Amino acid sequence: MLTPSDGEVVLAARGVSRRYPLAVPGQALKTTVLHPGQAFAAWRRRQRRELWAVRDVTFEVRRGEFFSIVGANGSGKSTLLRLLAGLSKPTRGTVELHGRVSTLLELGSGFHPQVSGRENVIMNGLLMGRTKREMEALLPAIVEFAGLREFIDQPMRTYSSGMYVRLGFAIAAFMEPEILLVDEVLAVGDAKFQEKCYDHIAKLQAKGVTIVMVSHDLGAVERFSDRAALMERGRMVAIGPPRKVVGLHLERLAETSPEIRQAIEEGMAADEERLRRLLDEDPEWAAAFAAALEGNPAFHEKLRQQQAGQGAKTDARQD
Amino acid sequence: MRNAVELVAALTSRDLRLRYQGSVLGWAWSLARPLALGAVLAFALGRVLGTGVTVEFLLAGLFPWFWFQGAVQGAAGSFIGNGGLLKKVRFPRAVLPASAVLGATLQFGLSLPVLIGFVVWAGNMPTAAWLGLALVFGLQLGLVMGVGLFVASVTVYFRDLEHITDVLLTLLFYATPIIYSVDLVPGEYRWLTYVNPLAPIMEGWRSILLDGALPPAGHLGASAVLTAAALAAGWAVFRRLEDGFADAI
């Protein structure tokens, strides 16, 4: 296990909860004016409709650790990352960070399509608290990494989405962060660039950079992280070795979705048409499936057993 | 701090460049509104109604007014117009309204030679009192920043304020001595110009440029107190609300 358990704690969440009011259709002005009583009752109802996106999450990450957070859509992992990044304040609990944080929440956030890549790099750096001179010094490395040397002076509206992704990652990665928060962004780039990104993250990690990543790419979570956590309906239900956590995640997915369970029981590919539909409609399932096929031998093994069992049963019935 | 200053400068320069990108006349367009309105009003008020109001009189009010209006409107939309940025990146939020105000101020600064050209052409030579322009300029900048911060912050939670602001700006234009002089306001309504921090500022521009005299110290003092209050209130409201911007937008 790579876990540098001797490193000091650089990121800690203690009892972090975040509540959001749920949007309820507002009252038209007419109702408010003509039926104030009714409008007031509706307002009171609105005050009570709320959602705890993150509930009582407590964990610590040590210097140099690669910590991944997995979970189904809507489980609160992205909200948790936003709380860690300080973009939103916890309703309860505290977040502690020690060190310079660089966040990569969404590619192209802060990019202005009308101005050149060069100007966007500098602007992004300024937004992240750097000076112009520092950014000009970092620029060549960023451009080189993103592979945009001949395009950097073109307006960004001419860039492909892959070029956006590359530039966005290059900026966050070359900011010399001490803590890097990454949300589900690497999935966008092509495989070659993804590989380059994970290589770079590994290099950063070797230099003592702490990484917290939210991802659906379960294969990558298993390959690169030291520890992983599983989020479920706002709670962190498991923290531990990535392989175990990913396995648990897949099991839970199978439990919660009858289609997924059925697909697993039928040997995943038994009904190709249904599988294809699932892959198209449910990105969560697609990611789980991909991970199961590539990166998770344990799951694969289990699947084979299940298939064998299923097969035996079927055979028995046929007999 | 150095970073915040560079950030404001970079945002402002980007916005100004983009605004006039591809237009032939470029920043000269920022002169179009005050000049056109000045010409029309000089005809309507001066000739048709026969009030004897002059072009330079009108322009000395209209140029600073359009600065005020442009800065407040620009600042008002600066948070809701940058929702994506506020949601995804952590940076000092105040740079957005600050850059909107700076942009409008630079445009005003660039149009100032044109205004001064008109003033001199009309026979008003610069005097020592013109140094007082810096004071009036500073007062207006502070007022704009305070009002802008307030409107921008509250608009995030209460979108109607953007439209309310537009209406109020129109009312303010006529309630402030811009196209008429304070002396013409009947005594019983004169108090309106004392509670309006913009009134002494407008009076200041005109009396310095056209009469070569500073406005009464009492007027400027009252405006300074109200401006300081607006700035403090704007900042306090902004600080109180800024933590929720990323979630509310």
Can you give me the distance in nm between label points at B:ALA4 and B:ALA229, each placed 7 Å from the Cα along the Cα-to-Cβ direction?
2.6 nm
Ignoring everything but the protein chains, give the 1.4 Å probe accessible area of A:TYR159 in square angstrom, nearest 10.
20 Å²
To the nearest 100 Å², how much accessible surface do chains A and B hide from each other in total, with a 1.4 Å probe?
2100 Å²
Using label points projected 7 Å from each Cα along Cα→Cβ, tell me how many nm separate B:ASP166 and B:ILE80, to one decimal.
1.0 nm
Tell me, which residues of the range A:111-127 get at least 10 Å² less accessible area when the other protein chains come in, versus the chain alone (1.4 Å probe)?
A:HIS112, A:GLN114, A:VAL115, A:GLU119, A:MET123, A:LEU126, A:LEU127
Which residue, chosen from B:ALA94, B:TYR174, B:PRO215, occupies the Cα position most advanced towards the positive end of the dipole of the range B:75-230, where the dipole is computed from +1 (Lys, Arg) and -1 (Asp, Glu) charges on Cβ about the Cα centre?
B:ALA94
Sorted by accessible area (1.4 Å probe), largest first, how do A:HIS98, A:HIS200, B:HIS163, A:HIS112 line up?
B:HIS163, A:HIS98, A:HIS112, A:HIS200
Under the 7 Å Cα-to-Cβ spin-label approximation, A:GLU251 and A:ARG149 lie apart by a distance in nanometres of 5.1 nm
Delta accessible area of at least 30 Å² on complex formation, residues of the range B:221-249, 1.4 Å probe, chain isolated as reference:
B:ASP243, B:ASP247
Apply the Karplus parameterisation 6.51 cos²θ - 1.76 cosθ + 1.60, with θ equal to phi minus 60°, to every residue of the range B:191-202 and state each ³J(HN,Hα) to the nearest whole Hz, in sequence, with x for glycine and proline.
4, 4, 7, 7, 8, 9, x, 6, 4, x, 5, 5
Could you tell me how far the Cα centroid of the range A:124-163 sits from the Cα centroid of the range B:149-219, in Å?
45 Å
With a Förster distance of 45 angstrom and the Cβ-Cβ distance between A:GLU50 and B:ALA122, calculated FRET efficiency to the nearest 0.05 equals 0.10
Cα gyration tensor shape of the range B:91-219, rounded if a/c is under 1.5, else prolate or oblate by comparing a/b with b/c:
oblate
Top to bottom by accessible area (1.4 Å), largest first, where do B:GLU242, A:GLU65 land?
B:GLU242, A:GLU65
Relative contact order for the range B:42-103: what is it in percent, counting Cα pairs under 8 Å that are at least 6 residues apart?
30 percent
Debye sum, Cα scatterers, the range B:2-248, no solvent: what log₁₀ I/I(0) at q = 0.08, 0.09, 0.14, 0.17 1/Å?
-0.32, -0.41, -0.98, -1.35
The range B:52-137 - accessible surface per residue (Å², probe 1.4 Å):
36 Å²
Note the full-extension length gain between B:ILE249 and B:LEU37 as 0.36 nm times their separation in residues minus their Cα-Cα distance, in nm to one decimal.
72.7 nm
Inter-part distance where the range B:1-18 and the range A:82-115 are each reduced to a Cα centre, Å
21 Å
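The values are calculated or read from the model by the stated rules, or taken from the named source; none is laboratory data. All values reported here derive from a predicted model rather than from experimental measurement. Note: ideal-geometry Cβ built from the backbone for every residue, glycine included; neighbour counts use all protein chains shown. Just so you know, the surface numbers come from the protein's heavy atoms only, side chains and all, with ligands and any DNA or RNA stripped out. Shrake-Rupley method; radii C 1.70, N 1.55, O 1.52, S 1.80 Å.
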